[in-house]
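The values are calculated or read from the model by the stated rules, or taken from the named source; none is laboratory data. Owing to the predicted nature of the structure, the values given are computational and were not obtained by experimental measurement. Because the Cβ atoms are built from the backbone with ideal geometry, glycine has one as well, and the counts that use them run over all protein chains shown.
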Amino acid sequence: MKNAKIYIAGHKGLIGSAIKRKFEKDGYTNLIYKTSKELNLTNQQAVDEFFVSEKPEYVYLSAARVGGIHANNTYPAEFIYQNLAIQTNVIHASYRYGVKKLLFLGSSCIYPKFAPQPMKETYLLNGELEPTNEPYAIAKIAGIKMCQAYNRQYGTNFIAVMPANIYGPNDNFDLNSSHVLPALIRKFYEAKIKNKSEVEIWGTGQPKREFLYVDDLADASVFLMNNYDYKDIGAIINIGTGEDLTIKQLAEMVKNIVGFAGRLKFNADRSDGPPRKLLDVSRLRALGWQAKTVLEDGIKKTYEWFAGSCGKVRGMEGEFDERDI
Ligand code: GFB
């Protein structure tokens with residue numbers, strides 16, 4: 001298994017880089033990856049040629065156009081087009097060129113906006129989506145349905161996972177396109193350095209979110225790929241910690257870790273997004289996997305990484321790589 005040919009799509013992004021890190025640590029020897037400049041995954045011909053020449057056996061499809069609530073709301077066309085194009089090309093090529101197994105990444109944000117909590121895998125498509133990220137959600141749901149359709153008709157082995165909100169090293173720290181956790185780390189850090197008295201937090205602070213450290217997601221993804229087929233897992237499987245907290249509680253936690261002494265100022269003119277999206281992780285737990293990283297420790301590690309590489313992190317130099325997730 002350790003010399004199997006594994007393609008990690010999106011290896012420079014938050015999730016792809018964590019999967020690559022895990023494989024390197026575990027002694028896998030036959031990894032392939034390409035930057036977006038070397039291989040444009042929205043180009044079907046380029047993707048086909050890549051699969052013909054490289055013949056990957058396993059594919060981790062962690063390339064996607066991703067972003068926080070503001071980016072999703074501002075660039076809906078790019079979120080639906082780029083995700084549909086990337087996943088359609090990679091999933092179809094994986095079928096055509098005999099990939100043994102593929103892992104597709106969904107997200108907790110593609111369940112219905114007002115789904116009962118915690119959200120079970122069966123709740124997908126049971127209600128209206130959150131409007132701020134509906135184009136992204138529709139693309140991701142199409143990817144899940146494509147995996148299922150190919151499994152059913154062509155006998156492929158494509159699995160889809162539904163992670164909670166992911167954070168960790170290599171995240172995007174651009175304040176307009178990032179998710180809340182990297183935004184808070186950067187805002188509190190800069191406010192501390194500049195001796196500011198307050199930091200703006202978007203929304204009311206009341207929504208609840210579940211955060212999963214990216215190395216835990218990489219670990220769960222490899223665990224599922226190595227041990228289970230889509231028939232064992234079912235259509236999709238949730239990956240999370242099973243615990244959530246309010247954005248206000250999160251902001252207090254990040255503030256303390258960074259060591260900012262000022263106030264929080266909530267700006268209710270900014271969208272809150274869905275009120276809550278806690279995953280029901282009982283199915284994954286029954287398979288024997290559980291998240292290891294406590295939120296506070298994960299934020300500390302991410303903050304240390306950020307402070308140690310400041311000026312060179314994505315979103316700080318305008319070099320945001322859209323193929324991420
Ligand atoms: O992380 P976030 O952008 O994504 O926002 P979602 C989470 C919550 O944090 C929202 C609030 O209620 C935001 O209003 N928030 C407070 C902030 N301050 C900030 C800030 O400075 N930056 C950001 N970004 N948020 C995304 C989806 O939803 O979740 C995506 O739009 C994606 O499609 C991702 O799948 C996992 O959890 O609301």
For this session: Starting from the range 1-12, keep only residues that are at pLDDT 95 or above, then list their pairs with residues that are surrounded by fewer than 19 Cβ atoms within 10 Å (Cβ to Cβ) and not in a loop (DSSP other than H, G, I, E, B) whose Cβ atoms are within a distance under 6 Å, requiring at least 6 positions of separation or different chains.
Result: 6/31; 7/32
Exercise. Only one residue in 117, 153, 148 is surrounded by fewer than 23 Cβ atoms within 10 Å (Cβ to Cβ) and touching a helix residue (DSSP H, G or I) at 6+ places or on another chain (Cβ under 9 Å), so which one is that?
Worked result: 148
Exercise. Residue 75: within 16 Å of the ligand (Cβ to nearest atom) and either modelled with pLDDT of 95 or more or surrounded by 18 or more Cβ atoms within 10 Å (Cβ to Cβ) (or both), yes or no?
Worked result: yes
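Conditions tested, residue by residue: (1) of a type in the set (Val, Ile, Thr); (2) closer than 30 Å to residue 97 by Cα; (3) surrounded by fewer than 15 Cβ atoms within 10 Å (Cβ to Cβ); (4) more than 23 Å from the chain's Cα centre (by Cα).
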| residue | (1), (2), (3), (4) |
| --- | --- |
| 143 | no, yes, no, no |
| 157 | no, yes, no, no |
| 163 | no, yes, no, no |
| 174 | no, no, no, no |
| 182 | no, no, no, no |
| 212 | no, no, no, no |
| 229 | no, yes, yes, no |
| 236 | yes, yes, no, no |
| 240 | no, no, no, no |
Exercise. Exactly one of (1) assigned to a helix (DSSP H, G or I); (2) surrounded by 21 or more Cβ atoms within 10 Å (Cβ to Cβ) is unmet by residue 104. Its number?
Worked result: (1)
Seminar exercise, completed: Counting only residues that are surrounded by 16 or more Cβ atoms within 10 Å (Cβ to Cβ) and over 16 Å from the mean Cα position of the chain (by Cα), the range 124-133 contains a total of 4
Exercise. Hey, residue 195 hits all of (1) surrounded by fewer than 18 Cβ atoms within 10 Å (Cβ to Cβ); (2) at positive phi; (3) in contact with a Gly (Cβ under 8 Å, 6 or more places away or on another chain) but one; which does it fall short on?
Worked result: (3)
Exercise. Among the helices (runs of 4 or more DSSP H) confined wholly to the range 159-274, which include 2 or more residues that are near the ligand (Cβ under 10 Å from one of its atoms)?
Worked result: 180-193, 247-258
For this session: Say whether the condition of being touching a residue at least 24 places away in the same chain (Cβ under 8 Å), within 16 Å of the ligand (Cβ to nearest atom) and touching a Leu at 6+ places or on another chain (Cβ under 7 Å) is met by at least one residue in the range 39-60.
Result: no
Seminar exercise, completed: Only one of 263, 276 is under 30 Å from residue 225 (Cβ atoms) and either buried (at least 22 other Cβ atoms within 10 Å of the Cβ) or at pLDDT 95 or above (or both), namely 276
Exercise. Could we say that residue 297 is closer than 20 Å to residue 184 by Cβ, at pLDDT 95 or above and either in a loop (DSSP other than H, G, I, E, B) or of a type in the set (Val, Ile, Thr) (or both) here?
Worked result: no
Exercise. Here are some conditions: (1) more than 22 Å from residue 17 (Cα to Cα); (2) away from the ligand (no atom under 16 Å from the Cβ); (3) of a type in the set (A, V, I, L, M). Residue 103 meets all but one. Which one does it not meet?
Worked result: (1)
Exercise. Taking the condition assigned to a strand (DSSP E or B), touching a residue at least 24 places away in the same chain (Cβ under 8 Å) and on the phi < 0 side of the Ramachandran plot, does residue 141 pass?
Worked result: no
Problem set entry | Matching residues, the range 275-291, being of a type in the set (A, V, I, L, M, F, W, C) and either within 12 Å of the ligand (Cβ to nearest atom) or closer than 12 Å to residue 207 by Cα (or both) | 278, 279
